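*Asks:* Please read through the structure below; I'll follow up with questions.
The values are calculated or read from the model by the stated rules, or taken from the named source; none is laboratory data. The shown structure was predicted, so the numbers you read here are calculated from the model rather than taken from an experiment. In this analysis, Cβ positions are derived from the backbone assuming ideal geometry, glycine residues included, and neighbour counts consider all displayed protein chains. With ligands, DNA and RNA removed, areas are computed over all heavy atoms of the protein, side chains included. Shrake-Rupley method; radii C 1.70, N 1.55, O 1.52, S 1.80 Å.
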Amino acid sequence: MIVFNAVPARDQPEVLRRLEVAWRGECGEKWDALASKIDLKRAAFFNLRKSWRTHGIAGVIPNGSQRGRSVIAPDDDPLWTGATAMLRFQGGGARNVDIARSLLGHKLTSSGKDMAELQRIERLVQHARRALARDPEYLQEAYGSGLLIDLTAVSIVLADPDPTPAIVAVVVETASGLVLGSRVGHRDDASELQHAAIRIALQFLDEHRADRHRKKKSVALGLTLPPSRNKDDLQLEELHAAVRSLEFGMPGGFNYGQALTQLVGPRIGRMILAPRSTLAIDGAEYLRKRIAPVLELDQAISNWDREVLRHNQPILEVLKATGLVDGEGSPDAALARTLRAAAAALPIDRTDSV
């Protein structure tokens with residue numbers, strides 16, 4: 001509550017109203033009704049949301065209300081220490097929001113103050129996660145212990161045949177946040193996109209010797225199924241035999257991409273993720289809620305791949321310096337075994353490649 005308490009008492013109700021609007025906008029509510037609540041036009045509303053994503057509660061405080069504030073050094077902050085310890089213990093796979101709730105240690109209400117505090121702690125956990133992803137000692141221990149295969153919409157609208165939000169399948173190594181493979185396309189091709197992302201990830205592991213020899217069943221896997229699939233469609237015996245733990249994304253449209261944003265944040269490179277729009281089918285309606293380019297599929301693939309490179313670059317620098325990538329690693333070990341088992345378990349709708 002350090003940031004909020006620095007706001008004069010007379011201005012705190014306005015800050016809470018702006019925070020509520022930004023939060024509800026992120027949850028997919030229409031921008032026009034929300035913006036009217038605090039007398040904002042379209043551009044100002046999207047600027048408010050962008051500022052909230054970037055700066056948390058500090059980003060929704062009107063400029064005239066902002067005051068200088070002290071910042072606790074991370075090394076002296078028990079919340080930072082606790083977040084780091086929990087991330088180390090769980091290998092980076094835990095959700096930021098779950099760690100934040102544990103750190104708060106009391107039952108939360110839906111009040112603006114509690115939501116603001118939860119958001120502050122959640123962002124602190126995200127920063128702690130990023131710091132660990134640059135820590136060679138932590139990576140030597142944790143790299144290769146977890147994978148996430150997720151699906152999410154991104155801030156691109158595909159132009160053909162009818163405008164629809166672009167969907168991305170992503171394979172991420174959880175300790176570092178490194179995107180091993182991904183593929184962008186149409187929602188109806190979600191299962192093919194996942195298989196394509198797995199193939200790309202396997203190729204990356206092979207070319208960069210980015211795998212690790214670990215004990216059998218050493219990898220924890222988080223898996224989000226395509227919209228048309230459920231667990232009953234899967235052949236799980238081989239997958240269970242290959243992993244230490246298997247966690248499925250919960251059913252429901254609001255759960256696509258949530259594990260990814262908890263792991264890497266709200267964007268890949270400069271590309272904003274739009275998890276709550278993953279099941280959206282109306283591109284025009286999607287564009288009413290956010291600013292996004294309308295691109296042909298080949299352009300969308302190029303734009304996305306460029307931002308993945310931007311996201312991966314600082315991570316790869318650390319992994320290469322520690323010898324985990326392009327060094328003494330393996331081209332085919334625990335991660336590759338897990339990905340092949342996942343590909344074998346996931347049904348594919350068509351035989352043509354994406």
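*Asks:* Cα-Cα over 27 Å: which of Lys231/Lys320; Lys50/Lys113; Lys50/Lys231; Lys30/Lys113? Provide the component values of the computation, followed by the final result.
*Replies:* Details: Lys231/Lys320 37 Å; Lys50/Lys113 21 Å; Lys50/Lys231 36 Å; Lys30/Lys113 24 Å.
Checking Cα-Cα distances, Lys231/Lys320; Lys50/Lys231 exceed 27 Å.
*Asks:* Spin-label point model (7 Å from Cα, Cβ direction): what's the Ser302 to Asp233 distance in nm?
*Replies:* 3.3
*Asks:* Which value, in Å² and to the nearest 10, is the accessible area of Arg244 when all protein chains are kept and the probe is 1.4 Å?
*Replies:* 130
*Asks:* Moving on. Just reorder Glu237, Glu20 by solvent-accessible area, largest first, 1.4 Å probe, all chains present.
*Replies:* The residues order as Glu237, Glu20, largest area first.
*Asks:* To the nearest 10 square angstrom, how much accessible area does Arg199 have with a 1.4 angstrom probe?
*Replies:* Here the accessible area works out near 110 Å².
*Asks:* Can you give me the convex hull volume of the Cα atoms of the stretch 132-193, divided per residue and expressed in Å³?
*Replies:* 78
*Asks:* For the stretch 294-354, report the accessible area per residue in Å² (1.4 Å probe, heavy atoms, rounded to an integer).
*Replies:* Per residue, the stretch 294-354 has 50 Å² of solvent-accessible surface.
*Asks:* Moving on. Given q = 0.11, 0.15, 0.18 Å⁻¹, what are the Debye log10 I(q)/I(0) values for the stretch 168-268, with equal point scatterers placed on the Cα positions and solvent ignored?
*Replies:* Each listed q corresponds, in turn, to -0.35, -0.67, -1.00.
*Asks:* Determine which residues of the stretch 18-48 fall in the zone a paramagnetic label at Lys113 would reach in this model, i.e. backbone nitrogen under 17 Å from the point 7 Å along Cα→Cβ.
*Replies:* 18-20
*Asks:* With every protein chain present, what accessible area does Leu316 have (1.4 Å probe, heavy atoms only), rounded to the nearest 10 Å²?
*Replies:* 30
*Asks:* Continuing with this model, one more query. So what does log10 I(q)/I(0) come out to for the stretch 91-185 at q = 0.12, 0.14, 0.17 Å⁻¹, using the Debye formula with one equal point on every Cα and no solvent?
*Replies:* -0.56, -0.72, -0.89
*Asks:* Using R₀ = 30 Å, calculate the FRET efficiency as 1/(1 + (r/R₀)^6) where r is the Cβ-Cβ separation of Ser102 and Asp39; round to 0.05.
*Replies:* 0.20
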